[in-house]
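What follows is a single structure, written as structure tokens, with notes after it.
Each reported figure results from applying straightforward, stated rules to the coordinates on display, with no laboratory input. Here the structure is a predicted model, which is why all the values come from computation and not from measurement. In this analysis, Cβ positions are derived from the backbone assuming ideal geometry, glycine residues included, and neighbour counts consider all displayed protein chains.
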Amino acid sequence: MSKQYTLDAEMRDDLGKGASRRLRRENKIPAVLYGAGRPAWSLTLNEFQLARNLQDEAFYAAIIELTLEGKQQKVFLRDLQRHPAQDITILHVDLQRVRDDVEMTVVLPLHYTNEDIAHGVKMEGGQIMHNAMDIEITCLPGVLPQFIEVDMADVKLGESVHLSSVKLPEGVVSTQLSFGEDHDQAIASIITPKAEKVEEAAPEAPVTESDTGGDDTPAEDEAK
């Protein structure tokens with residue numbers, strides 16, 4: 001069973017950059033809630049509660065229970081604005097309302113499994129190369145998975161895994177594949193490792209008489 005995430009929010013009327021800075025000094029994060037054909041609302045979130053949730057990868061693709069003015073509603077984390085120089089500092093949050101009867105488009109992480117025992121790795125000495133680490137999907141909120149699993153066990157050396165071969169849960173479709181076969185991207189491959197080049201030391205040139213003086217060295221004059 002997937003983990004249930006919650007956020008507590010408050011309405012806010014004080015808008016603008018100055019107000020946002022004051023809120024962040026009070027450990028509150030400015031946010032906006034929109035969607036489902038209803039007006040956008042300006043909110044504040046608890047910084048510490050949000051930070052705890054953001055530590056879980058699944059939170060970024062989960063249906064969240066938002067408590068606002070004593071009422072709960074389902075929302076989705078649509079966007080985060082982070083400080084350009086301090087990635088851990090959240091400046092603003094976008095939340096989208098969720099309706100059970102309306103499909104949503106979400107980017108989910110890809111979890112590659114059985115990479116160490118993949119045929120092309122264990123039996124043929126290949127190396128796995130990832131071409132994608134996430135996938136965009138469309139589904140109803142009730143069947144939204146937290147990630148998509150890609151099993152690499154049977155992939156051989158020189159073979160690739162395409163979007164069309166990934167097993168998606170029932171009710172979940174790849175948004176990219178809806179555009180046609182030309183968009184059937186290779187998301188992972190098993191390739192031959194690049195040979196390490198060993199630089200050999202250049203042989204030393206042979207020493208000749210000219211290098212050591214030899215016949216080219218002027219003879220001393222004989223004493224008269």
Q) Any idea which residue in the range 90-116 is surrounded by the most Cβ atoms within 10 Å (Cβ to Cβ), counting only those that are not polar (S, T, N, Q) and not in a strand (DSSP E or B)? A) Val98
Q: Scan Asn46, Asn27 and give me the residue that is on the phi > 0 side of the Ramachandran plot and of a type outside the set (D, E, K, R).
A: Asn27
Q. Pick from the range 123-176 the residues that are of a type in the set (D, E, K, R) and surrounded by fewer than 16 Cβ atoms within 10 Å (Cβ to Cβ): which of them is nearest to the chain's Cα centre (by Cα)?
A. Asp134
Q) Among the residues of the range 70-87, is any surrounded by 17 or more Cβ atoms within 10 Å (Cβ to Cβ), outside any strand (DSSP E or B) and in contact with a helix residue (DSSP H, G or I) (Cβ under 7 Å, 6 or more places away or on another chain)? A) no
Q. Surrounded by 13 or more Cβ atoms within 10 Å (Cβ to Cβ) and farther than 28 Å from Leu140 by Cα - does that describe any residue in the range 35-46?
A. yes
Q) How many residues does the range 117-152 contain that are in contact with a helix residue (DSSP H, G or I) (Cβ under 7 Å, 6 or more places away or on another chain), more than 30 Å from Asp101 (Cβ to Cβ) and assigned to a loop (DSSP other than H, G, I, E, B)? A) 1
